[in-house]
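Here the structure is laid out as structure tokens; the discussion comes afterwards.
None of the figures in this text is laboratory data; all of them are computed from the coordinates on show. What you see is a predicted model; the values in this text were computed from it and never measured. Using ideal geometry, Cβ is built from the backbone for each residue, glycine included, and neighbour counts are taken over all protein chains shown.
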């Protein structure tokens, strides 16, 4: 968190939290009361002060006020940067790829040291090129074909697991629509 935010939190510790104002969409865009946040400094400020709590609620710490984020998909959106590195929507670089999952709608999710995140739809084709057994798995829509689906990305070889999109929040302990309190 920014030093200014930490200072404001210490100075005004009892500022009530907000929910229902800020949303993270499936493409990693922030929406404030339904309108896209586009100002570069605002985007940097939100990204630098975004985190989760022990209850699985993700929030933006706006000075002394905690603003809970409604998640369209997952707490993180993973994207390929121009340098070919995998990063979160907030710019954090991924150094540990722990798991890969695909849901009933062929959406790809990754789990890294940052947590579970949906892969940005604009990067699916690039990552699909690194998957062995993809055609066979998509045709069968099951892992019982004997041909495992494997993501070979950089130094990682990860067997991709089929998952229900509705099970992700419970499985990975995050709240899609956190409330104050």
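Rounded to the nearest 0.05, what FRET efficiency is calculated for residue 128 and residue 18 with R0 set to 35 Å and r the Cβ-Cβ distance?
Calculated transfer efficiency: 0.35.
Give me 94, 163, 37 sorted ascending by neighbouring Cβ count inside 10 Å, so fewest comes first.
37, 163, 94
For the pair residue 106/residue 38, report the inter-label distance in nm, with labels modelled 7 Å from Cα in the Cβ direction.
3.1 nm
Would you compute, for the Cα atoms of segment 3-71, the largest minus smallest coordinate along each principal axis and list the three values in descending order, in whole Å?
34, 27, 18
When the Cα atoms of the chain are enclosed in a convex hull and the volume is divided per residue, what value in Å³ results?
It comes to 124 Å³ per residue, whole-number rounded.
Show me the ranking of peptides 68-75, 83-90 by mean Cβ neighbours inside 10 Å, starting with the highest.
68-75, 83-90
Label points 7 Å out from Cα along the Cβ direction at residue 179 and residue 164: separation in nm?
Inter-label distance under the simple model: 2.3 nm.
To check you understand DSSP bridge types, tell me what percent of the beta bridges within the chain (both residues inside) are antiparallel, rounded to 5.
Here the antiparallel bridges make up roughly 75 percent for the chain.
Can you give the relative contact order of segment 76-172 as a percent, counting alpha carbon pairs under 8 Å and 6+ residues apart?
Taking the mean separation of contacting Cα pairs over the length of segment 76-172, I get 25 percent.
Starting from the Cα coordinates of segment 76-172, work out the convex hull volume and express it per residue in Å³.
It comes to 95 Å³ per residue, whole-number rounded.
Which percentage, to the nearest 5, of the DSSP beta bridges contained in segment 3-71 is antiparallel?
Just about 75 percent of them are antiparallel.
How do 176, 152 rank when sorted from fewest to most other Cβ atoms within 10 Å of their own Cβ?
So the residues, fewest neighbours to most, are 152, 176.
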